[in-house]
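All remarks here apply to the structure that follows.
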Amino acid sequence: MGASGSQAVANGSFMQNGAGPDGVETAALESATQKALLPALLVMFKQHSVVNLADIRQWLSAYGEAGSARDAAAVSDRLLHTALLKTGMVTSVKAVYVQTKEANGGVADALRGVLLNLLKDKPGVKRSEVFDSARAEGLNVSDGVYQKVMKELCTSRGNLWSLKSGA
């Protein structure tokens, strides 16, 4: 692909926007494909709380009718990663993707953010670290909410919780 001008790729799933300042080509999903990602991801995250790119590609390939969301399964890892983050509902930590907010999430959503921030810098966390960080953020977290979020996103080995690696 050339680095100049806008050109649609054969499957229509993304537009080439030319070379970025560092000489690397940049691209973005077409608007229809980007819009189709959101409903597909919402359905996927109802079944899987932590996914990797392979899980997402598999889900999108099988999702609904051919076109739009399915087209996103065929793009490069970098382009798919960018499109996922652009939805505003997903964050990426250590090569996995997690829904940042759920319907009626409240304290659970806030705790999810605290937990993901902790796990960005270390392989695992202890219960006390999560509660201390939550308190520092002004959150009053119940044991029930803590257990729900931890079981959703992490696996436990002894007293250390680590982020799941995918679905």
Answer residue from region 27-55, given it is in a helix (DSSP H, G or I) and of a type in the set (V, I, T) and is most open to solvent (accessible area, probe 1.4 Å) among those:
V43
Quick check on this structure: which one of L119, L163 is within 28 Å of H81 (Cβ to Cβ), free of Cβ contacts under 8 Å to residues at least 60 places away in the same chain and of a type outside the set (D, E, K, R)?
L119
If you go through region 84-106 one residue at a time, do you hit one that is open to solvent by 30 Å² or more (accessible area, probe 1.4 Å), in contact with a Ser or Thr (Cβ under 7 Å, 6 or more places away or on another chain) and over 25 Å from G124 (Cα atoms)?
no
Count of region 56-83 residues which are surrounded by fewer than 16 Cβ atoms within 10 Å (Cβ to Cβ), at pLDDT 80 or above and among the charged types (D, E, K, R)
2
Mind checking which residues of region 107-135 are open to solvent by 90 Å² or more (accessible area, probe 1.4 Å) and farther than 19 Å from S162 by Cβ?
R135
Residues in region 148-157: is at least one in contact with a His (Cβ under 7 Å, 6 or more places away or on another chain) and either surrounded by fewer than 17 Cβ atoms within 10 Å (Cβ to Cβ) or within 24 Å of L37 (Cβ to Cβ) (or both)?
no
Could you identify the single residue in E137, E152 that is in contact (Cβ under 8 Å) with a residue 24 or more places away in the chain and within 17 Å of the chain's Cα centre (by Cα)?
E152
Would you tally the residues in region 136-147 being open to solvent by 40 Å² or more (accessible area, probe 1.4 Å) and among the aromatic types (F, W, Y)?
0
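The values are calculated or read from the model by the stated rules, or taken from the named source; none is laboratory data. Not measured: the values here are computed from a predicted model. So basically every Cβ, Gly included, is an ideal-geometry build from the backbone, and we count neighbours across all protein chains shown. Protein only, heavy atoms only, side chains kept; ligands, DNA and RNA dropped before computing areas. Shrake-Rupley method; radii C 1.70, N 1.55, O 1.52, S 1.80 Å.
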